[in-house]
1. Which ³J(HN,Hα) values, rounded to whole Hz and listed in residue order, are derived for region A:273-289 from phi using the Karplus coefficients 6.51, -1.76 and 1.60 in 6.51 cos²θ - 1.76 cosθ + 1.60 with θ = phi - 60°, glycine and proline given as x?
2. Short version: ³J(HN,Hα) in whole Hz for each residue of region A:212-227, in order, from phi by Karplus 6.51 cos²θ - 1.76 cosθ + 1.60 (θ = phi - 60°), x for Gly and Pro, what are they?
3. Give the calculated FRET efficiency between B:Ala41 and B:Val218 to the nearest 0.05, with a Förster radius of 22 Å applied to their Cβ-Cβ distance.
4. Testing the spin-label approximation: label points 7 Å from Cα along Cα→Cβ at B:Ile64 and A:Glu287. State their distance in nm.
5. With charges set only on the Cβ (+1 for Lys and Arg, -1 for Asp and Glu), what does the dipole of chain A come to about its Cα centre, in debye to the nearest 20?
6. Can you tell me, using C-alpha contacts under 8 Å and at least 6 residues apart, the relative contact order of chain A as a whole percent?
7. Taking amide H positions as placed 1.01 Å from N in the peptide plane, with prolines and chain starts having none, which residues 5 or more places from A:Ile5, or on another chain, fall under 5 Å of its amide H?
8. How far is it, in nm, from the label point at A:Thr64 to the one at B:Val48 when both lie 7 Å from their Cα along the line to the Cβ?
Amino acid sequence: MADAIVKVEAIVKDFRPGLGIRAKRVLHGISFEVREGEIFGFVGPNGAGKTTTLKILMGLVRPTSGKASVLGCPVRESAFRRHVGFLPENPYFYDFLTAREILDFYAKLSGVRGAARKTRVSSLLEWVGLEGAADERLRGFSKGMLQRVGIAQALVHDPKVIFLDEPMSGLDPIGRVAIRDLILGLRAEGKTVFMNTHILSDVETTCDRVAIIAGGRIRYEGRTRAFLDGAERLSDVVLARLDAVCTARLEQRYEALVTGIGDRAELRVREKDVSAVLAEALRAGAEVISVTPYRVSLEETFLAAVASSGTGEAS
Amino acid sequence: MIDSCLRIATLAENTVRQAIRSRLLYTLLFFGLVMIATSVAVSSLSYVESERIVQDVGFAAIRIFGVGIAIFVGVGLIHDEIERRTLYTLLSKPVSRMEFIAGKYLGLLFTVWIQLAILSLAFVLVSLAVGAPVTASLFAALGLIGAELMVVVAIATFFSSFTTPMLASLMSVGIFVAGRLSRDILQLGQGSGDTGTAAAAEALYRVLPDLEAFDLTVQAVHGLPIADADVLLPLAYGIAYSAVLVMAAAWVFERRDLR
Ligand SMILES: Nc1ncnc2c1ncn2[C@@H]1O[C@H](COP(=O)(O)OP(=O)(O)O)[C@@H](O)[C@H]1O
Ligand SMILES: [Mg+2]
């Protein structure tokens, strides 16, 4: 087994909102490990505690109890950060600087010296596709461009481990693919990547291993494939001229989620039930407009799991 | 060690770039210059000692607006980095919180000293214009305002390491005023005849900055000689007092959750 690059042991975090007499427990003793050279997905619905965990790993927030280490160093130290890159959620940078200036600033802070700094900054700007806007002020940058600046600053000192908080959320489809390719490129270079996300399709396309967190507790840790195969797959079936009786029957028998009736009905059903649903609908004289596999977002899987098992709790 | 100094210098340089973008800074500087310029008009109303009035008003302007810039521009700087989350990326680099606070402090101090230099230049020019004496004592007094500002910047940095800009500026102004009066507090205590009160007043005097130590206005304006010790002792005191405050700020900041 490869060495643990990140090790989190029984971390508990209580926040005291406002004046804070009553503590609110956000992390309930979580443990997991990230191994060398993998893209690790830390996955869970909004409010699960992903960002809080990452802030603990970055030494921004102190755990109430428990231990965390990165590259074998306790997270409160600052020296090991020479080997660590971090992209915060919705990153923001001094907008009066240009892309080149901000990268130069972070490179200086990371101890990249002399001529090496200039070439490093230029090659990174090119790598993230910002060479055209390198000397423009960040004030005018779009969200996708800022995200690229964020990734570039995380890499400016050629770190061994990169931590990304929701690197692909809030981007348009093209931006997401671009960022995803950058992340896959990092693995090709032998980096270890830790990535927070709440979007299942991103996990599927990028992560080797995942830990699933909900309500401040780890629900699963293991290979991505194993997790996704366990998740239920759904399809959207769109039908025309489906009568009310048949609609009601499908709703009952297949637990279909129906939206719209009559002329155009949309049914969300389990993938394995699709052919049965279609057969029944056709027999009732309906017309099939489309069938599309539906990607369950993790959030939905979890809401379902938490609601049915009753083991979850509000965070 | 060298790495640490380079990081602090990088942070300080960036802080200067941030601070000189502040509109408030230029507003305060502008009014400081206006006050120095109008001192000429005010002094012309008086037949006697008009040069002294020019210089009295000038010193007051430099002190008030220097302190104003130190406090009101200073208290926002750390808060902005937290509020805009620029601090997250900073601290994910091999930058300790001590280095961050030191960089902020030095950057702000440098900015304030530039303003002091501009105000002082205007002051010297006005003095020359009205024929007031420009002596070594005058420069010594201006230099000690620089030392006083070192302490005031440290006060602002300390409060902004754990509270909002609003509260930090109120507290900083409070400590500044108390610091100007700390000798009076000591005397009041001693004159009270009550040992408890005297001891309390003395304790307060020790904790509060003794800002009057930095005030050589009277000597400078009246052309009185200033002994080396009158400059060097306050200078050493200012450096020590600021260093302690900045370390206290770093200690407090180190323990904060940044969220
Ligand atoms: N500074 C804070 N004070 C109080 N509660 C907080 C604070 N930050 C986060 N929380 C709470 O902690 C929980 C986890 O938040 P977070 O870690 O941001 O989740 P995620 O990143 O998974 O969406 C949420 O319920 C959130 O409301
Ligand atoms: Mg988050």
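Read-outs: derived from the displayed coordinates by stated rules, not from any lab. Not measured: the values here are computed from a predicted model. In this analysis, Cβ positions are derived from the backbone assuming ideal geometry, glycine residues included, and neighbour counts consider all displayed protein chains.
1. Here the 3J(HN,Hα) series is 8, 4, 5, 5, 5, 4, 4, 5, 5, 5, 4, 7, x, 7, 10, 7, 9 Hz.
2. So the Karplus estimates, Gly and Pro as x, are 9, 10, 8, x, x, 10, 6, 9, 7, 9, x, 5, 4, 3, 4, 5 Hz.
3. Numbers: r = 23 Å, r/R0 = 1.06.
Between B:Ala41 and B:Val218 the formula returns 0.40.
4. 8.4
5. 1220
6. 20
7. Excluding prolines and chain starts, which carry no amide H, the hits are A:Val34, A:Arg35, A:Glu36.
8. Each label point is offset 7 Å from its Cα along the Cβ direction, giving 7.3 nm.
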